[in-house]
Amino acid sequence: METHILIIVFASLFGAAFLKGLTGLGFMSICLPLISSFIDITIAIPLVILPSLASNVIVIAQTKRARESVRRFWPLYLSALPGLYVGVSLLHQTGNTVAKAVLGVMSISYSLYLLLNVSISVGNKYERFFNVPVGLVNGFLNGLTGTQFMPMLPYLISLQLHRDLLINAINVGFTISTLVLLALLGKFDFLSLHIIGISVTGIIPVSLGVYLGGKLRYHVSETRFRIAVLIILMILGINLILNR
């Protein structure tokens, strides 16, 4: 990998982590569209997977409700696994073009969902009917594009969970899916020692970015900054669709 590409990758990892610490927006939702604008998405996904995994584990340790999340949402997490396999299989067959277009659409959808402050409420009695289909779709999109936020994030928000349980449930799901995705990327030959080495090194700028972003959070207008980031994410999504 050329030097200028490595600089772009590490700068993107730091920038996405910084924005996560500053605004609370998902690391993968920002990082993948950004890096995929410069390199093939089949390379971008393995590059960001270990830094993303590290950030998820840290959040789970902080919220300390992993057991409760697994006990309540195990059907959601388990049903994502076959979806992941199908998604990675399709990525292996179709390559960069389809995955970039889908990632672009997901980036735009995610941005609009947060910008418009969409409010959806799903009663707890319907939870058992939605867990499996949401998990399947989320797993498929995760395997195809590397991103994990749609539709799991809106679904869990719609259940109106306690804040700590919501954060933990999301990150437990992301962690389980990331571990399986890592194994599937190896099975379908998307991983190499060179890429793994870069991904491991990327944990350093990600940790620094989250820390600095969190420190700065109380000194800037988080709302305005968040809106600006989501607009940029929409532009990145449009660019991925048009230049796939």
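Observations on the model:
- Pairs where the first residue, in region 112-141, is more than 17 Å from Tyr85 (Cβ to Cβ) and the second is open to solvent by 70 Å² or more (accessible area, probe 1.4 Å), C-beta under 7 Å, 6+ apart: Leu115/Ile227; Ser121/Gln160; Val122/Phe130
- Taken over region 129-168, residues that are within 26 Å of Phe188 (Cβ to Cβ), of a type in the set (Val, Ile, Thr) and crowded, with 18+ Cβ neighbours inside 10 Å amount to 4.
- Any chance Phe18 is touching a residue at least 12 places away in the same chain (Cβ under 8 Å), outside any helix (DSSP H, G or I) and open to solvent by 20 Å² or more (accessible area, probe 1.4 Å): no
- Check on Phe225, touching a Ser or Thr at 6+ places or on another chain (Cβ under 8 Å), part of a helix (DSSP H, G or I) and on the phi < 0 side of the Ramachandran plot: yes
- Count - residues of region 199-214 that are crowded, with 22+ Cβ neighbours inside 10 Å and either hydrophobic (A, V, I, L, M, F, W, C) or not in a helix (DSSP H, G or I) (or both): 3
- Qualifying residues in region 112-128 (those that are in a helix (DSSP H, G or I) and modelled with pLDDT under 90) - the one farthest from Trp74 (Cα to Cα): Leu115
- Residues located in region 169-198, provided they are over 29 Å from Arg67 (Cβ atoms) and open to solvent by 70 Å² or more (accessible area, probe 1.4 Å): Lys187, Asp189, Leu193, His194
- Residue count for region 1-59, restricted to those that are of a type in the set (Ser, Thr, Tyr), more than 13 Å from the chain's Cα centre (by Cα) and closer than 22 Å to Phe225 by Cβ: 3
- So Ala61, is it open to solvent by 40 Å² or more (accessible area, probe 1.4 Å), of a type in the set (A, V, I, L, M, F, W, C) and out of contact with any helix residue (DSSP H, G or I) (no Cβ under 9 Å at 6 or more places or on another chain): yes
Residue-by-condition table, conditions (1) modelled with pLDDT of 85 or more; (2) closer than 29 Å to Gly214 by Cα:
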{"position": "Leu47", "(1), (2)": "yes, yes"}
{"position": "Pro51", "(1), (2)": "yes, yes"}
{"position": "Lys64", "(1), (2)": "no, yes"}
{"position": "Arg67", "(1), (2)": "yes, yes"}
{"position": "Val70", "(1), (2)": "yes, yes"}
{"position": "Val88", "(1), (2)": "yes, no"}
{"position": "Ala101", "(1), (2)": "yes, no"}
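The values are calculated or read from the model by the stated rules, or taken from the named source; none is laboratory data. Predicted, not measured: the structure shown is a model, and the values here were computed from it. We place every Cβ from the backbone using ideal geometry, glycine too, and count neighbours over all the protein chains shown. The accessibility values were calculated without ligands, DNA or RNA, using every heavy atom of the protein model including side chains. Shrake-Rupley method; radii C 1.70, N 1.55, O 1.52, S 1.80 Å.
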